[in-house]
Amino acid sequence: MNFKIVLAVLFVILIISFCYDNFYTANLISGSYSYDFPLAVPEGPNEGDKLILMNNGDFKSDTWGRGTYKIEGTRITFNTHELGFQTKLYRPFFLGKPRISISSDLGYYFKQN
């Protein structure tokens, strides 16, 4: 009996952590972000760039200027008049503040302040 309860609790924790790391809303990710890595991605950020995400779907960035963003699961798309840039949202090890991945191979990201 105790084994079934422990198994059920672990299953619920697994489902909650999966949802916590894979579903984002504008209210959850809104705020100020900074990029502190030396790599400059084509049409991407440079070291020290700031990104501000607002609840209404607008953003302001040192890199891309002003525009709108759209969240679909873990994907986030930034759109301006000149370009569009798509990347992913994630949390390190299912914990902490959301990060916006810039180069997943190198581990470069915008971190929330």
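The values are calculated or read from the model by the stated rules, or taken from the named source; none is laboratory data. Since this is a predicted model, take the numbers as computed values, not measurements. Please note: Cβ atoms are built from the backbone with ideal geometry, for glycine as well, and neighbour counts cover all protein chains shown. For accessibility, only protein heavy atoms count, side chains too; no ligands or nucleic acids. Shrake-Rupley method; radii C 1.70, N 1.55, O 1.52, S 1.80 Å.
Under 5 Å between amide H atoms, partner at least 5 residues away or on a different chain: which partners does residue 108 have, H built in plane at 1.01 Å?
Excluding prolines and chain starts, which carry no amide H, the hits are 102, 103.
Projecting each Cα onto the charge dipole of the chain (Lys/Arg +1, Asp/Glu -1 at the beta carbon, about the Cα centre), which of 68, 56, 8 comes out farthest on the positive side?
8
Plugging the Kirkwood radius over Cα pairs into Stokes-Einstein for the range 1-99, at a temperature of 10 °C and a viscosity of 1.306 mPa s, what D comes out in µm²/s? Please list the in-between numbers first.
Numbers: Rh = 15.3 Å.
After rounding, the answer is 104 µm²/s.
Using a simple charge model, +1 on the beta-carbon of Lys and Arg, -1 on the beta-carbon of Asp and Glu, nothing else, what dipole does the chain show about its Cα centre, in debye to the nearest 20?
On the way: 11 positive and 10 negative charges, 96 e Å.
The dipole of the chain has a size of about 460 debye.
Using a 1.4 Å probe, what is the accessible area per residue for the chain, in Å²?
On the way: 7260 Å² over 113 residues.
That works out to 64 Å² for each residue.
Per the helix-only calculation at 222 nm, which mean residue ellipticity applies to the chain, given -39500 (n - 2.57) for every DSSP H run of n ≥ 4 and division by its residues, nearest 500 deg cm²/dmol?
Working: 2 runs with 25 residues, N = 113.
Result for the chain, helices only: -7000 deg cm²/dmol.
Where in the range 1-99 are there chymotrypsin sites (Phe, Trp or Tyr not before Pro) that are in a DSSP coil and have at most 15 other Cβ atoms within 10 angstrom of their Cβ?
Values: sites: 3, 11, 18, 20, 23, 24, 33, 35, 59, 64, 69, 78, 85, 90, 93, 94; in loops: 23, 24, 64.
When the chymotrypsin sites (Phe, Trp or Tyr not before Pro) of the range 1-99 are filtered for loop state and at most 15 Cβ neighbours within 10 Å, 23 remain.
When the distances between all Cα atoms of the range 59-112 are binned every 10 Å from zero, what whole-number percent does each bin get?
Over the range 59-112, the share of Cα pairs per 10 Å bin runs 23, 55, 21, 1 percent.
How many lysine pairs does the chain hold where the Cα atoms are under 29 Å apart and the two sit 8 or more places apart or on different chains?
Taking the chain as the scope, the lysine pair count is 15.
Roll a 1.4 angstrom probe over the protein heavy atoms and tell me the percent of accessible area of the chain that is carbon or sulfur.
On the way: 4420 of 7260 Å².
Carbon plus sulfur share of accessible area: 61 percent.
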